[in-house]
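Visitor: Take this structure first; my questions come after.
The values are calculated or read from the model by the stated rules, or taken from the named source; none is laboratory data. Worth saying up front: this structure is predicted, and the values here are computed from it rather than measured. Every residue, glycine as well, gets a Cβ built from its backbone with ideal geometry; the counts of neighbours run over all protein chains shown. Please note that ligands, DNA and RNA were not included when accessible areas were found on the heavy atoms of the full protein model with its side chains. Shrake-Rupley method; radii C 1.70, N 1.55, O 1.52, S 1.80 Å.
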Amino acid sequence: MQESSRSLSLNIEHVVSALMAVTGVAIVIGASNIRIPLTSNIVDPRFFPRVIGGILCVLALLHAVTVLRGNHGEPDEGEDIDLSAPTDIRALMAVGGSFIAHALLLDRIGWIPAGTLLFAGAALGLGARKPVRVLTISFILSFGVFLLFRKGLGVFLPAGPLFEWLT
Amino acid sequence: MSALPDLLDGFRVAATPANLGWAFVGVTLGTGVGVLPGIGPAMTVALLLPITLKLGPISAFIMFAGIYYGGMYGGSTTSILLKTPGESASMITSLEGNKMARSGRAAQALATAAIGSFVAGTLATGLLVFAAPTVANWAVQFGPAEFFLIVLLAFLTVSSVLGSSRIRGISALAVGLAIGLIGIDSQTGQARFTMGIPQLFDGADTVIVAVGVFAVGEALWVASRLSKSEQQLIPVGRAWMSKSDWSRSWRPWLRGTVLGFPFGAMPAGGAEIPTFLSYAMEKRLTKHPEEFGHGAIEGVAGPEAANNAAAAGVLVPLLTLGLPTSSTAAVMLAAFQQYGLQPGPLLFETNGDLVWGLIASLFIGNTMLLVLNLPLAPLWAKLLRIPRPYLYAGILLFGALGGYAANGSGIDLLILFAIGLIGLGMRRFGFPIAPLVIGAILGPMCEEQYRRALAIGQGKHSVFLEGPICKALVGLLVVVVLAPFVASVGKRRQRSHVQPGTNGDTLAT
């Protein structure tokens, strides 16, 4: 580890630097598309985006140099985190996929099915066993949340075609 | 002393049966959610926001006061029993408290944390009662130039004093500022970076930013690296302390309060520094130095008191200047904005009953927490047994609920997920989270004040040097910018004498 960090080699953290730089450039370019009304103040609405975009570009460069010089970002620690393990792509995809599916389906199928999908998908993706139990808990929880928030607290959640009768 | 009648009015507002009920719900939920592993106070407040959505503002803020302190209490329980600091400010508690718990003194660690939190929270809230109106009266005279400089000062300290890497801290801030750009420009009404999505015209909702980086980001991060090993849980009885524990605890409580409040109250504050200072101080003053590092009760009592006193202190800049200096305060600001309230010097005049009701219920909530937590510690500890897949699935479910409930639109959930991905990347590559949240929330204010200041100064930057307050703030800014360089040059010089070639780029605090 020590050796590879001493020699000036590229690193996965440089992808982060690159993303920062791309974002910075995109903001600077995007700023030119902001319309400046005639009544504009002394400082126009393009000024701040340009400054922030520029700062991001400078920081991207500094970050790249920092990493090159062997100062690596330390991943967040925690009791539930195993830093020695490689990234668990499958769990990440399962959890992320469940969330995206929830986001896309919520307005169509309603909170209770979409919430069940999110909770069950995430729990199973994170390694919960006994799918029937997981599904049961997911359904009860989503159902309870719907009742509590929609009925009890008056917060809007879509019922969806299956549970229209509840509202 | 004019604050006392106001405070009494506040108690009149907060002590109605209904509002006492909300305060109770708040402290219970705050503790219950805050005690869950991996959930810090900021995430607690963010996840519980939707519950208050349809309440009247006064009841909502009374509940928030309870959630705020409850989340802190819950967090310390987790740190002691599981060594999972939900935020950096309870790191010390987890260090020394967990050692105590492992050596069979969990009950005493929980007791000194709970009673210390109560003592420090009550004293510091008392200080808040007098400090807040004073600062507000003073802040009424601030113009845009002063506000801009204060925001800048908060930005710099939040992003560069905390954390181990200043580049990463300032980068997190810049990303937050970039997120803050999205939406209609308040000065000219022009859309900026909205990509044609109408939901973005009002800007990226602060609740969504907070829930995204905290809840979704944390769940994704844990998913990518979930530890397969079984958790070691420490059995715990009713929290209690012996006479010698009391005599070893009360001085650290008071010292922690004295350290914590001013640090929290400064517009550059935060709770991390005073907890570290308190730990160092107790370590030097103790009669049992051999116990430090192995579970010394002073090492829990002092930092925990400092943490809670700072949490009360943080409310001074939040309420009087609208300036959040911790991520929890940033989420609280989002809650204020949800009700169309802008904290600032005028809040005490325009919404006096609300502010004083909030402060009064901090006292009430704190007392409820003490009564609730000493006997119920074993019950809360049971929550730590919740299987991790269910815990993080639940965090996602309630995160989605919060993201959707804010505006009732499915697109917000996709934005929430995108911000969650940023949160995942930041955790993976060692970027601190707090500067992003604070940048996203304060960015628009920073820009607005800058533009207004320059309009007043007719385009000349000399407007930022007019008046004594501006000059003092600019001086402070220069110190904050230069201090780390001076320190690192000094260190490098020292180091080059002692052991050349050691890694000198890590600029520690």
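Visitor: Do we find a residue being in a helix (DSSP H, G or I), among the basic types (Lys, Arg), modelled with pLDDT under 95 and open to solvent by 50 Å² or more (accessible area, probe 1.4 Å) anywhere in region A:58-78?
Guide: No, that holds for no residue.
Visitor: Residues being without any contact (Cβ under 8 Å) to a residue 12 or more places away in the chain and more than 7 Å from chain B (Cβ to nearest Cβ): count how many of those fall in region A:59-78.
Guide: Number satisfying all stated conditions: 2.
Visitor: Report, by residue number, each residue of region B:199-252 that is under 25 Å from B:Trp380 (Cα atoms), in contact with a strand residue (DSSP E or B) (Cβ under 8 Å, 6 or more places away or on another chain) and not in a helix (DSSP H, G or I).
Guide: Within region B:199-252, B:Leu226, B:Ser227 qualify.
Visitor: Out of B:Thr16, B:Thr122, report the one residue that is more than 24 Å from B:Leu396 (Cβ to Cβ), open to solvent by 30 Å² or more (accessible area, probe 1.4 Å) and free of Cβ contacts under 8 Å to residues at least 12 places away in the same chain.
Guide: After applying the criteria, what remains is B:Thr16.
Visitor: Same structure again: Report yes if B:Ile273 is of a type in the set (Val, Ile, Thr), over 18 Å from B:Gly97 (Cβ atoms) and at pLDDT below 95, otherwise no. Full working, then the answer.
Guide: Working: of a type in the set (Val, Ile, Thr): yes; over 18 Å from B:Gly97 (Cβ atoms): yes; at pLDDT below 95: yes.
It is true that B:Ile273 is of a type in the set (Val, Ile, Thr), over 18 Å from B:Gly97 (Cβ atoms) and at pLDDT below 95.
Visitor: Could you say which residue among B:Val222, B:Val236, B:Val258 is modelled with pLDDT of 85 or more and more than 19 Å from B:Pro303 (Cα to Cα)?
Guide: Just one listed residue meets the conditions, B:Val222.
Visitor: I've got another one for you. Could you list all residues from region A:122-134 that are of a type outside the set (Val, Ile, Thr) and out of contact with any Phe, Trp or Tyr (no Cβ under 8 Å at 6 or more places or on another chain)?
Guide: A:Leu124, A:Gly125, A:Gly127, A:Arg129, A:Lys130, A:Pro131, A:Arg133
Visitor: Also: Taking B:Gln458 and the conditions (1) within 9 Å of chain A (Cβ to nearest Cβ); (2) assigned to a helix (DSSP H, G or I), which numbered condition does it fall short on, given that it satisfies the others?
Guide: Tallying (1) within 9 Å of chain A (Cβ to nearest Cβ); (2) assigned to a helix (DSSP H, G or I), B:Gln458 fails exactly one: (2).
Visitor: Then there is this: Among residues belonging to region A:100-142 that are part of a loop (DSSP other than H, G, I, E, B) and facing chain B (nearest Cβ under 7 Å), point out the one that is most open to solvent (accessible area, probe 1.4 Å).
Guide: Here the answer is A:Gly127.
Visitor: If you check every pair at least six apart or on different chains, which have Cβ atoms under 8 Å apart with a residue in region B:454-468 that is within 14 Å of B:Gly143 (Cβ to Cβ) first and a residue that is in a helix (DSSP H, G or I) and of a type in the set (Phe, Trp, Tyr) second?
Guide: The qualifying pairs are B:Gly457/B:Phe464; B:Phe464/B:Phe148.
Visitor: Consider only pairs whose beta carbons are under 8 Å apart and that are at least six residues apart or on different chains; among these, list those whose first residue lies in region B:420-442 and is touching a residue at least 24 places away in the same chain (Cβ under 8 Å) and β-branched (Val, Ile, Thr) and whose second residue is open to solvent by less than 20 Å² (accessible area, probe 1.4 Å) and not in a helix (DSSP H, G or I).
Guide: If the second residue must be open to solvent by less than 20 Å² (accessible area, probe 1.4 Å) and not in a helix (DSSP H, G or I), the pairs left are B:Ile438/B:Pro324; B:Ile438/B:Thr325; B:Ile441/B:Pro324.
Visitor: Is it fair to say B:Asp245 is of a type outside the set (Val, Ile, Thr) and open to solvent by 30 Å² or more (accessible area, probe 1.4 Å)?
Guide: no
Here's the yes/no breakdown for (1) modelled with pLDDT of 85 or more; (2) facing chain A (nearest Cβ under 8 Å); (3) in a loop (DSSP other than H, G, I, E, B); (4) closer than 28 Å to A:Ile81 by Cα:
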residue	(1), (2), (3), (4)
B:Gly365	yes, no, no, no
B:Val371	yes, no, no, no
B:Pro375	yes, no, no, no
B:Pro389	yes, yes, no, yes
B:Tyr392	yes, yes, no, yes
B:Ile395	yes, no, no, yes
B:Leu401	yes, yes, no, yes
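Visitor: Output the number of residues of region B:215-249 satisfying the condition of being away from chain A (no Cβ under 12 Å) and in contact (Cβ under 8 Å) with a residue 24 or more places away in the chain.
Guide: Number of matching residues: 12.
Visitor: Which pairs have Cβ atoms under 6 Å, sit 6 or more apart or on different chains, and link a residue in region B:183-201 that is within 11 Å of chain A (Cβ to nearest Cβ) to one that is open to solvent by less than 50 Å² (accessible area, probe 1.4 Å) and of a type in the set (Ser, Thr, Tyr)?
Guide: B:Thr188/A:Ser40
Visitor: Additional query: Taking A:Gly97 as meeting all but one of (1) free of Cβ contacts under 8 Å to residues at least 12 places away in the same chain; (2) more than 10 Å from chain B (Cβ to nearest Cβ), write down the number of the exception.
Guide: (1)
Visitor: Would you please name the residue that is most open to solvent (accessible area, probe 1.4 Å), looking only at residues in region B:134-182 that are assigned to a loop (DSSP other than H, G, I, E, B) and within 12 Å of chain A (Cβ to nearest Cβ)? Even if it seems obvious, please write down each step before you answer.
Guide: Taking region B:134-182 first, the residues assigned to a loop (DSSP other than H, G, I, E, B) are B:140-143, B:161-165, B:182.
With within 12 Å of chain A (Cβ to nearest Cβ) added as a condition, the list becomes B:163-165, B:182.
Working: B:Gly163: 43, B:Ser164: 63, B:Ser165: 15, B:Ile182: 39 Å².
Ranking the candidates gives B:Ser164 first.
Visitor: If I go through region A:143-167 residue by residue, how many of them are among the aromatic types (Phe, Trp, Tyr), surrounded by fewer than 16 Cβ atoms within 10 Å (Cβ to Cβ) and away from chain B (no Cβ under 12 Å)?
Guide: 1
Visitor: If you don't mind, there's one more thing I want to ask. Looking at (1) charged (D, E, K, R); (2) on the phi > 0 side of the Ramachandran plot; (3) in contact (Cβ under 8 Å) with a residue 24 or more places away in the chain, can you tell me which one A:Lys130 breaks?
Guide: Of (1) charged (D, E, K, R); (2) on the phi > 0 side of the Ramachandran plot; (3) in contact (Cβ under 8 Å) with a residue 24 or more places away in the chain, only one is false for A:Lys130: (3).
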